[in-house]
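First the structure, in the form of structure tokens, and then the observations on it.
Each value in this text was obtained by applying a stated rule to the coordinates, not by laboratory testing. The structure presented is a predicted model; accordingly, all values stated were derived computationally and were not measured. Reconstructed Cβ throughout: ideal geometry from the backbone, glycine too, with neighbour counts over all protein chains shown.
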Amino acid sequence: MEREPSAGHGSSGRFRYGPIAVETREFRRPVPPVAFDCAKLLLIREGSTILTTGNETRIASEGDLVFLRTAVLCGGTPEQSVTISTVYIDTDYLFELWFWLTAPTGHSREAMRAYALGPDFLPPLSYVRPTPGVGRHLELIFDDLAASLASGPDGFYHAQALVSELLHIVAPLVGARPPRTVTPPASSPVAAPPRQREFVTPLRAEAIAAQRALHADMARRWSIGDLAEEVHLSRRQLTRVFSTAFGLTPMVYLSMVRSREMARLLSGANMTVATAASQVGWRSRSHAIAAFRRSIGVTPDQYRSAQGVRDADIPDLDWDAIERTA
């Protein structure tokens, strides 16, 4: 269990255990826009504030509920003062809950991940005003969650139950729904290894820029020097800033991103392992297989077999030629 002091008069402190954290704070001064590598759920307990995300400005007042997606820059300007309870939920943990909720529909893990991270799932900021009765119930859940997290491992299962109850209430309010289209049958689910990081620490702008650059052009032959130049940091600074933000070095993170995209591509019936690996940016067959297995937990062929898809009658790439030029 981790308890962190928080600035501001009337603060209750932050309580965290594992992938969940909660805090209640009173704000009297403006908070500049910051982003976190986690989902945030804000409940306005008293007062009101002007929330700003990008070009959007919203007034949130007592009883309002705000859901912020991961890596969304958001700032606030209190109107005199505002007290806000915030739940931080690790993105990987939240996705696992979402995936198991939708698993019976037949969507593949990586297709669901791509959908959940895409723009069609939820807007950067979702704002709802629950009924007074629901609002009071949410306040009790937030307070019980803090007490459970304060108990450390003894209270973790209860904390998980409270998070599930919270999501049960909030998901319909913010419009979180599974996609309408169904992808090919899913493989046996393989959980991604947890990333150890301080997800309740604000992300630096350079970390966000580097992450976006890797996602935007994962097939590029990135080097740490190229990425550092892209975000105007030294190699050492970039590695430290990125690892603090996302729990992995930039190149290991890129390998994870490529593996997940490759798994999504392999869900289709007309994509060979070799073609998928080349499309995400790997030029060495042995390296692609090893990296995929580290991230997904099985080899690409095992992943395809679990999907019931074979490479038969699909022409493969000349890997020897590719490796000579890699």
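Its convex hull of Cα atoms gives the stretch 70-167 a direction-averaged projected area, equal to a quarter of the hull surface, of 8.4 nm². Of V128, V200, V87, the sequence from fewest to most neighbouring Cβ atoms within 10 angstrom is V128, V200, V87. For the stretch 241-294, the calculated P(r) over all alpha carbon pairs, in 5 Å bins from 0 to the bin holding the longest distance, is 4, 22, 29, 20, 12, 9, 3, 1 percent.
Remark: the stretch 55-65, residue by residue, has Karplus-estimated 3J(HN,Hα) of 8, 9, 10, 10, 9, 10, 10, 3, x, 6, 10 Hz, where x stands for each Gly or Pro and the curve is 6.51 cos²θ - 1.76 cosθ + 1.60 at θ = phi - 60°.
Magnitude of the charge dipole for the stretch 2-174, about its Cα centre and with charges confined to Cβ atoms of Lys, Arg (+1) and Asp, Glu (-1), is about 280 debye. Around the amide H of R14, modelled in the peptide plane, lie the amide H atoms of E4, S6, all under 5 Å away and 5 or more residues distant in sequence or on another chain.
Residues R109, R235, ranked from the fewest to the most other C-beta atoms within 10 Å, line up as R235, R109.
For M251, M256, the sequence from fewest to most other C-beta atoms within 10 Å is M251, M256.
Quick one: grab the alpha carbon gyration tensor of the stretch 10-155, order the square roots of its eigenvalues as a ≥ b ≥ c, and give me rounded if a/c is under 1.5, else prolate or oblate depending on whether a/b is larger than b/c. Note, shape of the stretch 10-155 comes out oblate.
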